[in-house]
1. Can you list the helices (runs of 4 or more DSSP H) found entirely within segment 213-273 that contain at least 3 residues being crowded, with 22+ Cβ neighbours inside 10 Å?
2. Please state which one of P122, P112, P72, P95 is farther than 25 Å from S268 by Cβ, in contact (Cβ under 8 Å) with a residue 60 or more places away in the chain and out of contact with any Leu (no Cβ under 6 Å at 6 or more places or on another chain).
3. Quickly run through segment 187-205 and pick out the residues that are in a loop (DSSP other than H, G, I, E, B) and either acidic (D, E) or at pLDDT below 90 (or both).
4. In the set V99, V105, which member is in contact with a Lys or Arg (Cβ under 9 Å, 6 or more places away or on another chain), under 30 Å from A241 (Cα atoms) and β-branched (V, I, T)?
5. Might you let me know whether segment 81-88 holds any residue that is open to solvent by 30 Å² or more (accessible area, probe 1.4 Å), among the basic types (K, R), modelled with pLDDT under 90 and within 30 Å of E279 (Cα to Cα)?
6. Checking the structure you have, find out if any residue of segment 1-10 is open to solvent by less than 40 Å² (accessible area, probe 1.4 Å), of a type in the set (G, A, S) and under 49 Å from the mean Cα position of the chain (by Cα).
7. Within segment 280-298, count every residue that is open to solvent by 30 Å² or more (accessible area, probe 1.4 Å) and either at pLDDT below 90 or hydrophobic (A, V, I, L, M, F, W, C) (or both).
Amino acid sequence: MSMRRLPSLNGLRAFEAAARHGSFTAAAAELHVSQAAVSRMVKLLEERLGFALFDRRANALVLTDRGGALRPALTEAFDGIARRVEQVSAMRAGPVLTVGMGATVAVRWLIPRLSGFHLAHPEIEVRIATGGAGAPMNDDWTCAVLLGDGQWPGYEAERLFSSSLQPVCAPRLAADLHRPADLAGATLLHVSHWGEDWPRWLAAAGVADLATKGGAAKGLSFGSYAMALQAAIDGVGVALAPRFYSLDDLAAGRLATPFGPAVPMVHSWYLVYRASRREDAGLTPFRDWLHVLCAELE
C-alpha cells in the first residue's frame, strides 16, 4: 500500500477554520492560538501546495478558486472525524450481546423480563434484533432464541423449553364459552404462517368438523401471534397461541382460557450460537440466566 502524501494537518485545520469564518482572528479563537500563528500556518500550507488559497485584502479574506474548491472537502472530513471521535468516546467499555429472535418472542416474553438480567449484569449492553418469519440465524448476532427441531448446521443449539397451544380470549367472551363446541359461534383468530394450529387443536378437542364450518371457518387472519393476541385482548375473537406468549396477559386478567385442551407444539425453542462465540463475555451469563428463566416454563 502506498504512503499517503498529506500537507501539514495543522495548516489544513488553520485554513479550513479561517475559510469557514472568513477571518484569521476568528479562526485563532477557535483553535486557541494567536492570529499570527494561523496566518503563518496558512502561508506555509500555500507554499507547500504551490498556490494561493486566499486573496488577502485590506479588510477581508477572499478564497481563491482553488481555496474555494478545497474548503468544503476539508470541512466534511474534519466534521466526520469529530463525529467519529465522539461516537467512540461514547462507546461502552463492557461487552455487547446481540440476541436475535422473532418479534413476538421478544415483545411478549423476553423484553418484559429483561430488566432482571440488566440488574444482574449492568456492564453488558444488550441489543435485541428481530428477523422475519422463523427468524433465520444471522452471524451478526451473538446468539438467537429460535423455534425449531434443534438442527441448525454449523451452530450449537441448546434446548430451552417447549410450549403448548391453548385458546385465549377476552374474559367477557370467555363467559359465553363453556366447551369446545361453543366455538361454532365464535370468531377464530388465525396466524397466516401457522395455518395448521387451529385444525390440530380442534381435532384434539374432538370438534374437528368446526374447522370447515361456521365462524371457525371464516375467522380473521393475522401476520403474527402478537397481532392475533392483541385482537383477542380487544375482544375481536378467540386466538390460539403458545401459552407462554399469554402468561402476562392471563396474570393481569386481560385474557382468559375458556377451556382446554393444551396441545403440545411440535417444535421447541432453542438458544443457538456459533461454537466460536461460546466464550463471549456477554453470552455466558446470558445463557445461564436464560436457562433459569426457561425452567419456569416447563
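1. The helices (runs of 4 or more DSSP H) meeting that bar are 225-233.
2. Residue meeting the stated conditions: P95.
3. S192, H193, W194, G195, E196
4. Among V99, V105, only V99 is in contact with a Lys or Arg (Cβ under 9 Å, 6 or more places away or on another chain), under 30 Å from A241 (Cα atoms) and β-branched (V, I, T).
5. yes
6. Checking segment 1-10: not a single residue is open to solvent by less than 40 Å² (accessible area, probe 1.4 Å), of a type in the set (G, A, S) and under 49 Å from the mean Cα position of the chain (by Cα).
7. The qualifying residues number 8.
Conditions (1) touching a strand residue (DSSP E or B) at 6+ places or on another chain (Cβ under 8 Å); (2) among the charged types (D, E, K, R); (3) surrounded by 11 or more Cβ atoms within 10 Å (Cβ to Cβ), marked per residue:
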residue: A52; (1), (2), (3): no, no, yes
residue: R66; (1), (2), (3): no, yes, yes
residue: A106; (1), (2), (3): yes, no, yes
residue: L110; (1), (2), (3): yes, no, yes
residue: L119; (1), (2), (3): no, no, no
residue: E123; (1), (2), (3): no, yes, yes
residue: T130; (1), (2), (3): yes, no, yes
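The values are calculated or read from the model by the stated rules, or taken from the named source; none is laboratory data. Since the model is a prediction, treat every value here as computed from it, not as a measurement. Positions of Cβ are generated from backbone atoms using ideal geometry, with glycine treated the same way; all protein chains shown enter the neighbour counts. The area values use the complete protein model at the heavy-atom level, side chains included, leaving out ligands, DNA and RNA. Shrake-Rupley method; radii C 1.70, N 1.55, O 1.52, S 1.80 Å.
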